[in-house]
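This report concerns only the one structure given below.
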Amino acid sequence: MAQMQFDATEDDIKVWLAEADEQIELLQNDVIRLEKDYSDESLVQGIFRAAHTLKGSSAMIGHTRMAELTHAMESVFGMVREGKLTPTTEIVDSLLAGVDGLNALREEVVTKEQSDVDLSPSVAALRDIVEQGGGTFARMPGQPPAAGGQEPGAGGQAGPAPTTGSLLERFPLEPDEIEAVKATLESGAMVWLLEVDFQPDSLWLAVRSFQSLNDLSNVGELLKTKPTSEEVEAEKVGPKLQAVIAGAAEAAEAITKTAVVIEDVVNTSLTPYTLESLSPSPAAAGEGRGEGAQGEDHPHPSPLPPAGEGTELIPSQTKPPAEAGQRVATASRVVQNVRVDVERLDNLMNPVGELVIDRNRLQQLALQLETELGAHDAVDALNETSQHVGRITDELQEEVMRIRMQPIESVFNKFPRLVRDLAGKLGKKVDFIIEGKETELDRSVIEKIDDPIIHLLRNAIDHGLEMPEERRAAGKPESGTIKLSAWHEENHIVIAVQDDGRGMDPAKLKASAVSKKIITQEVADRMDDRAAVELIFAAGFSTAAKTTDVSGRGVGMDIVRANIEKLSGFVTIETAVGRGTRFLVKLPLTLAIIRALLVALAGRKFAIPMATVMETLRFDAQDVRTIKTHEAIQLRGRILPLVSLRDLLRLPALLYPAPGEPASASPEDEDGDAASNGASQGMRDVGDAEGDSMMEMGNRPRRQKMFVVAVRVGDRQMGLQVDALVGETEIVIKPLSRFLGDVRGIAGVTILGDGQVAIICDIPSLINRVVQEQLLA
Amino acid sequence: MAVDFQQVVVFELSAETYALDILHVHEIIRVQPVTPVPGAPEYIEGLINLRGRVVPIVDLRKRFGLRARPIGDRSRIIVVQVSDDILGIVVDAVSEVITVAPEFVEPAARVVTGLDAEYIRTIAKVEGHLVAVLNPEKILEYSDSEADEVLMLGPGE
């Protein structure tokens, strides 16, 4: 790999990358829209501007390949903008290939190594598009300049800068502009006329001019330039640039230096304005454009070059200086957004998490002291302080969380391209609709959701949508519609992937699962439609007759679901044969701090995320019904399947005494009767067999009070029997140590206010476990 | 050269003597209650809260298939750190910290101990005894197959 060198410092490159990323992202997101919305002027203008800016900035750091490619793309955009070219699918393909090239070239700036991407086909294709569209492809470096080919609108003046003559002759100013310069001078600042000559045959005049104006605006205030920045953008440039620039006296050196280092600059001159030089001498007024402007009845045409320049620059010269001043002000205004390294945001989250834990601890301590000491001034003071700390922590937490919230747009924006490419590969027609991309969620979630969504989209295109002819035969429009939407629902974000394709047939899914030996015929017969549809989440299941390179990359829907559950989310399916399918993914807004219900099991506290909790209930053991072989309770006329959370978590296997832990130390004991029954007993019979406690659970005394947490995942509800309810609290989720591997059924761990480590139950995955076990039973 | 001398923490486990390079030892703490992790590999005793950090505790005897021993007064947890991972190891007793001269250290392969040779980095000769210096990276290595066994749940998984 060839090493690359760029014409910029490391700091400059960082800035360059940040800017280039914005432009490339814009191109990436918007070029694909050209196909349909090419008549949308602001869209086309935005794309053109992005390509143009990128061209300028890549040339600035000496990235010629990128400049060349963006130039080619810009030419196409230019023709679209002028209405000379209609972006067909093929043209958009070429442009997208160009965007891919840009991404590769952008990488070069990071790695400083030349990538092996061959751009010549891309550039050639784009050039063909321009030429076939009747346009002329502007010269690029390496191509011989067309004979006599001045850029359209290029300044007519080819000679070197006339560094003689009065300043006003060299660069005429309107009376109000003169007043502005005078005012600046009177305020104590300096004003100069800067004249820059470029190599007349430079192929980069527009870029150099752009670069000059850009760089100069960093060292001084540009009061007036020729060409103006609008003209530079429109490539109406010549080999000469003039600027009235203001600044402190010390700025002179910086201004000259800035101008001199720009490539292709052959000559610069910097002349200060003085108050005297701005008072037009009678001679100048007589000969110059001053008279031409006021002498309507003057018989002589203006004989001097300034008049020639004047005609070309009339638009800019008639621009009131107030507006020009405003433009300068806008450009130099301090940006009010601060870019922060995401790592810093993450680092900020950790202490806030610790603070939340300590707040909980403080509150618990205050409570404890109050119980022990009764009314006491110190206790009151502590209570007050702890409440105050609590409030501040809440505010801080909320604010930090808000900073971390990002619109889901950054993820969604990748998908139009993906959908388009996939549909093209599979010969399907797709209208892709995105809704709700402004919906915000925590960074930690955003980073991890794109894979699951990509799989759902692939699945929708590959398996969901029919081929155009099939759709026509079914009386549907040839183009299938895939809708990706996002919205907030309480503390969750819901992401829906919906297609209007063939839908899923439960009978076929069952048959397929049986033939693949995923389930037995007997199990299949017992399955209801919902369970049948969820078969697609079983490992090794794929509804396509053959594996395509689109969906069947060894990653099945089982992995999709596992990944979503890892984010404490869940996925549900709605489907109707012939009408389509909708996948709903529900995720918590954040993965860092959540509200949880604490329950006691076997003398330990476990956390259940509140997001899954419907309500908590107290039941007599005798109210438990047995339906078929499963236990259930009746809740307001509905049957709620009942499962022991102990059994579900396979707790009995864990009931060996923790090293050195006295059995009585379990803090749940103070929580009253419910906590001690079963719980402490479990702690004591640990020594012998694991099966014993299972038995104990099975033969529970009939009159025993039992506690049930009713949970819901999607439309599945279940009652989880626990030993005791401890309370609701805010918890900071910590991941399980890598050393423990991927333990199913556990969403993570947390440290409670009393310092104990508690396991956070992964309710969706536990419920799936129940469903699968009951099917098998 | 001083750098060639190795400082090791010597400890007892099922009547055998082992050691760990002191550079890997974060701290030594008393045995404390753990929070068991349902579904985790059997040799994971559970989790403890070490000043706000959740640390898994490993029973090396279970990991190595040695004879179990009850927790006694001299039992300790050696907290081991390898790069960013941190882990507690339950041992029967921590005896001493000693400095071993390079000429008393040999590669592991030539000596037979109660442990698989892969867990042992070197063998040090200490006061006439042979002490196996463990390889913390290897102990920390998470084994997929072991975990999968424990995790086999329900049909289709």
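The values are calculated or read from the model by the stated rules, or taken from the named source; none is laboratory data. Remember, predicted model here, so these are calculated numbers, not experimental data. FYI the Cβ positions are ideal-geometry reconstructions off the backbone, even for glycines, and counts take in every protein chain you see. SASA here: full protein model, heavy atoms, side chains in, ligands and nucleic acids out. Shrake-Rupley method; radii C 1.70, N 1.55, O 1.52, S 1.80 Å.
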Under 30 Å from the Cα of A:Lys483 - lysines, other chains or at least 8 residues apart:
A:Lys36, A:Lys414, A:Lys425, A:Lys428, A:Lys429, A:Lys437, A:Lys448, A:Lys508, A:Lys510, A:Lys546, A:Lys566, A:Lys586
Ignoring ligands, DNA and RNA, how much accessible area is buried between chains B and A, both sides summed, with a 1.4 Å probe, to the nearest 100 Å²?
3000 Å²
Could you pull the Cα extents of the stretch A:409-588 along its three principal axes, largest to smallest, in whole Å?
45, 37, 27
Ranked from highest to lowest mean number of other Cβ atoms within 10 Å per residue, what is the order of the peptides A:5-15, A:423-433?
A:423-433, A:5-15
Give me the base-10 log of I(q)/I(0) for the stretch A:455-520 at each q in 0.27 Å⁻¹, Debye formula, one uniform scatterer per Cα, rounded to two decimals.
-1.06
The stretch A:708-777: Kirkwood hydrodynamic radius (Cα pairs, Å) comes out at 13.9 Å
Can you compute the equivalent ellipsoid semi-axes for the stretch A:342-407, i.e. the square root of 5 times each eigenvalue of the Cα gyration tensor, sorted largest first and rounded to whole Å?
32, 10, 7
Consider just the alpha-carbon atoms of the stretch A:10-132 and return their Rg together with their Dmax, both in angstrom.
13.7, 42
Longest to shortest principal axis, alpha-carbon extents of the stretch A:397-499, angstrom:
56, 24, 17
Checking the stretch A:56-106 for GluC sites (Glu not before Pro) in a loop per DSSP with at most 15 other beta-carbon atoms within 10 Å yields A:Glu82
List the lysines whose alpha-carbon lies under 25 Å from that of A:Lys112, not counting same-chain residues fewer than 8 positions away?
A:Lys14, A:Lys55
Expected integer from the mean partner chain Cβ neighbour count at 10 Å over A:525-537 is 0
Taking beta carbons within 10 Å but only from partner chains, what does the mean come to for residues A:595-604?
1
So which aspartates and glutamates pass the test for B:Lys138, namely a Cα distance under 15 Å, with those fewer than 8 places away in the same chain ruled out?
B:Asp21, B:Asp59, B:Asp84, B:Asp85, B:Asp116, B:Glu118, B:Glu146
Which value, to two decimals, describes the C-alpha radius of gyration of the stretch B:28-112 once divided by 2.2 N^0.38 Å?
1.26
Please work out the C-alpha center-to-center distance from the stretch A:336-375 to the stretch A:169-230 and express it in whole Å.
55 Å
Would you mind giving the mean number of other chain beta-carbons within 10 Å of the Cβ of each residue in A:378-388, as a whole number?
0
